[in-house]
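Note sheet for the following structure.
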Amino acid sequence: MKLSMNHFSFTIQGQYQQSRAGVIQTAHGPALTPMFMAVGTRATVKALRSEDIKEINPQVLLANTYHLFLRPGHQRIAALGGLHQFMNYDRPMLTDSGGFQVFSLGAQLKQTAKRNSNQPQLKPAKISDEGVKFYSHLDGEEIFLSPAKSIEIQQYLGADIIMSFDECLPDSSNEQDIEVSLLRTYNWAKKGIEQWESRRRLSEQGHYQALFGIIQGGKYRKWRQIAAKQMSSLPFDGLAFGGETVGYNMEDSKQVLSWTQSLIPPHLPRYAMGLGRDPQNIIDAVWAGFDMFDCVAPTRLARNGTLYSGNLDTSVEPWIWQSDYQKGRLQIGNAEFANDTRPIQVDCDCFTCRQGYTRAYLHYLYKAKELTYYLLASIHNVRTFVRLTEQLRSAILERNRKTT
Ligand SMILES: [Zn+2]
């Protein structure tokens with residue numbers, strides 16, 4: 001595949017009210033928005049082959065810097081040709097900065113071999129202006145991650161979009177803590193940019209890497225706005241919205257964007273990190289003006305027997321997810337499906353539904369904990385979210401044509 005070496009752009013192709021449809025050009029080809037990114041934490045979407053991911057067609061595949069840094073190591077992946085070559089996947093990819101996992105995993109899961117106790121010993125990460133000292137959740141080894149190091153690791157991994165290293169505070173944080181933290185995140189962003197520029201924004205493999213900044217600020221309008229101004233003043237290719245608030249609480253997630261919308265450049269893609277537990281969340285967030293999403297829910301819930309079902313309904317505004325099942329989910333382990341010969345969803349275009357795998361078979365595989373279940377169920381769930389973003393995109397473009 002011929003890679004474009006110095007290229008990243010975001011073009012808005014259509015708008016309807018606050019929602020946008022666009023295209024991001026990356027070194028590994030175009031990625032259409034709105035997009036739901038498949039989550040391949042450890043350079044694999046659990047239970048899926050790279051061919052399965054391509055068939056599902058998420059516009060971007062996300063991998064996790066923290067996990068890959070610990071195992072198999074960014075230098076090894078670079079020596080093996082970078083993330084794309086390593087996992088035999090030649091489409092656009094994004095790596096996160098590792099910050100979130102450092103705080104949530106490394107921070108709390110130091111499991112030392114305490115002789116007289118089986119209890120894991122918890123040791124918090126130590127945060128300073130220079131970076132974060134934390135402990136590997138694999139073996140407890142002490143590791144220091146700085147903002148420049150995070151970018152350097154991502155340069156070795158070689159995704160098309162990389163993320164600035166940020167501090168992710170809990171929602172319960174008071175304003176004083178947020179103020180200190182935002183200044184730190186801003187300074188880390190500038191140090192990350194220095195590292196990014198030091199390699200002329202190119203990956204170890206030689207292609208352009210877009211860098212996204214992250215807007216934090218908890219639940220506070222004032223601090224979200226300050227963060228938005230700070231991040232907008234830096235030469236980022238896109239902006240993400242992070243923190244506990246975003247993704248978990250939809251009202252707050254939408255509010256965060258409405259507070260900051262006039263302060264951020266409209267031509268940058270807007271990524272709501274971790275948002276997408278339910279299809280309706282994606283619809284609401286697109287309606288609010290976000291472009292990019294990721295969430296582990298589709299794969300995690302698939303493995304736990306929860307399958308999504310439904311379609312986008314644009315006959316009412318704001319648009320809704322129309323489903324025969326509560327919250328758009330069915331529990332495949334329920335006895336009612338044991339003799340059900342229908343696919344998970346009759347009009348779903350995923351491989352599993354298209355090939356005629358029945359609810360009865362999936363019910364049986366799930367109950368028997370057969371590995372094939374994880375593949376078939378994950379394909380359906382991820383494709384359902386990707387299909388939703390395709391439906392959203394069509395609806396936006398169609399209305400854009402009508403209104404212009
Ligand atoms: Zn399906």
Scanning segment 208-221 for residues that are over 14 Å from Ser181 (Cβ atoms) and open to solvent by 10 Å² or more (accessible area, probe 1.4 Å) gives Tyr208, Arg221
For segment 316-334, pairs from a residue that is in contact (Cβ under 8 Å) with a residue 60 or more places away in the chain to a residue that is aliphatic (A, V, I, L, M) and open to solvent by less than 60 Å² (accessible area, probe 1.4 Å), with Cβ under 8 Å and 6 or more apart or across chains, are Trp319/Ile283; Trp319/Leu312; Trp319/Leu392; Trp319/Ala395; Trp321/Ile283; Trp321/Leu312; Trp321/Leu388
key: Filter result for Ala368 (more than 30 Å from Thr33 (Cα to Cα) and open to solvent by 60 Å² or more (accessible area, probe 1.4 Å))   = no
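Any residue that is away from the ligand (no atom under 16 Å from the Cβ) and over 16 Å from Ala377 (Cβ atoms) - is there at least one of those in segment 339-352? First the steps, then the outcome.
We begin by selecting, within segment 339-352, every residue away from the ligand (no atom under 16 Å from the Cβ); these are 339.
With over 16 Å from Ala377 (Cβ atoms) added as a condition, the list becomes 339.
Taking every residue of segment 339-352 in turn, at least one turns out to be away from the ligand (no atom under 16 Å from the Cβ) and over 16 Å from Ala377 (Cβ atoms).
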Of the residues in segment 319-338, those that are within 15 Å of the ligand (Cβ to nearest atom), touching a helix residue (DSSP H, G or I) at 6+ places or on another chain (Cβ under 9 Å) and open to solvent by 40 Å² or more (accessible area, probe 1.4 Å) come to Arg329
Considering segment 353-365, residues that are in contact with a helix residue (DSSP H, G or I) (Cβ under 7 Å, 6 or more places away or on another chain) and within 23 Å of Glu51 (Cα to Cα), and then whichever is farthest from the ligand (Cβ to nearest atom), we arrive at Leu365
Exercise. Answer with yes or no whether Arg387 is within 14 Å of the ligand (Cβ to nearest atom), in contact with an Asp or Glu (Cβ under 6 Å, 6 or more places away or on another chain) and closer than 26 Å to Glu51 by Cβ.
Key: no
Here the qualifying pairs (Cβ atoms under 7 Å; residues six or more apart or on different chains; first in segment 137-156 and at positive phi; second surrounded by fewer than 24 Cβ atoms within 10 Å (Cβ to Cβ)) come out as Gly140/Lys110; Gly140/Gln111; Gly140/Thr112
Per the filter on segment 46-62, residues among the small types (Gly, Ala, Ser) and part of a helix (DSSP H, G or I) are Ser50
Does Gln195 fit the bill of being open to solvent by 10 Å² or more (accessible area, probe 1.4 Å) and either in a loop (DSSP other than H, G, I, E, B) or farther than 24 Å from Ala63 by Cβ (or both)? no
Scanning segment 77-111 residue by residue, those under 30 Å from Pro170 (Cα atoms), open to solvent by 10 Å² or more (accessible area, probe 1.4 Å) and at pLDDT 85 or above turn out to be Asp96
ask   = Does Phe10 satisfy being modelled with pLDDT of 95 or more, touching a His at 6+ places or on another chain (Cβ under 7 Å) and open to solvent by 10 Å² or more (accessible area, probe 1.4 Å)?
value = yes
Checked segment 249-280 for anything among the polar types (S, T, N, Q) and open to solvent by less than 20 Å² (accessible area, probe 1.4 Å); matches are Ser253, Thr260
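Here is a yes/no grid of residues against (1) in contact with a Gly (Cβ under 8 Å, 6 or more places away or on another chain); (2) without any contact (Cβ under 8 Å) to a residue 60 or more places away in the chain:
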{"position": "Trp196", "(1), (2)": "no, yes"}
{"position": "Arg200", "(1), (2)": "no, yes"}
{"position": "Ser203", "(1), (2)": "yes, no"}
{"position": "Leu211", "(1), (2)": "yes, no"}
{"position": "Trp223", "(1), (2)": "yes, yes"}
{"position": "Pro235", "(1), (2)": "no, yes"}
{"position": "Leu268", "(1), (2)": "yes, no"}
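The values are calculated or read from the model by the stated rules, or taken from the named source; none is laboratory data. Note that the structure is predicted; figures quoted are calculated from it, not measured. Positions of Cβ are backbone-derived with ideal geometry, glycine not excepted, and every protein chain shown enters the neighbour counts. Just so you know, the surface numbers come from the protein's heavy atoms only, side chains and all, with ligands and any DNA or RNA stripped out. Shrake-Rupley method; radii C 1.70, N 1.55, O 1.52, S 1.80 Å.
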